[in-house]
Amino acid sequence: MYEKAKLDEAKYFYSQMSTTFNDNEKFKYNLSAFLTSARSVLQYALEEAKGKNSGQVWYDKQIAASHTLVFFKDKRDVNIHAEPVHPTKHLTATATAKIGIRASASVIVKDANGNMKYQSQTATSQSDAKPQPSQEAESIIVRWVFSDWAGPEDIMTLCQKYIDELDNLVKDGIKQGFLRG
C-alpha cells in the first residue's frame, strides 16, 4: 500500500548520495537512509502480498529471481542489526602532459645473397617544447563500491539498478493484483 511512497523516498536519498558524493560522512549517511527506505518497499510489498491468494509465492519468486534485491535486502539488514555499512572509496588519478619526442627510421632492403639493394633514412622529427598548463590534463575519478558485491558495478550504478528492480516489482505487483502501490 505504501510501496510507491517508500520508493520515492529511496529515490530522494539516491539523489542526495549523488550530491554528497565527495563528502565521505554525508555520503554514508545518505546511503544508510537509502538502504532503509528502499528495503521498506519490499517489507510493505510482502505484508500486502501475503494477505492475498498466491501473494507470498509471487513475492518469494520476485526476490529469488534477483541477485540485486537479495544483496540489498541483506545489506540493509546488516546495516540496521549488526553494524553500519562500510562502502569502499576508490580514487583513480591521471595526469597527462605533452613531452618532447625524437624519432628516426632507417630502411635497408637486401637481395637473397645479402647485397644491399636499397637504403632510406627518414628525417629526424623532434618536439622539445616544455608542457604548458593548457596542454596538461589532470583528473580524479571517485568510485564508491561494495567490496562484497561480485559484479563490476559501483554503488551509484548498483543503487540505480536496485531502484529500477523495485519499481518493476511494484508495477508487476499492481498488475498482478497483489499490491495497491
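Rounded to the nearest 0.05, the FRET efficiency derived from the C-beta distance between residue 60 and residue 22 at R0 = 41 Å is 0.55. For residue 144, the residues 5 or more places off, or on other chains, whose built amide H falls under 5 Å of its own are 90, 155, 156. Using a cut-off of 27 Å between Cα atoms, the listed pairs 75/171; 26/61; 6/161; 28/171; 26/175; 6/50 include 26/61; 28/171; 26/175 as exceeding that distance. A simple packing score, the average count of other Cβ atoms within 10 Å per residue, orders the peptides 59-65, 153-159, 22-28 as 153-159, 59-65, 22-28, with the highest score first. Counting Lys +1, Arg +1, Asp -1, Glu -1, what net charge surrounds residue 77 among other residues with beta carbon under 14 Å of its beta carbon? Net charge in that neighbourhood comes out at +1.
Computed from the coordinates by the stated procedures, all read-outs in this text should not be read as laboratory data. Since the structure is predicted, the reported quantities are computational estimates derived from the model, not experimental observations. Quick reminder, even Gly has a Cβ in these numbers, built from the backbone with ideal geometry, and neighbours come from all protein chains shown.
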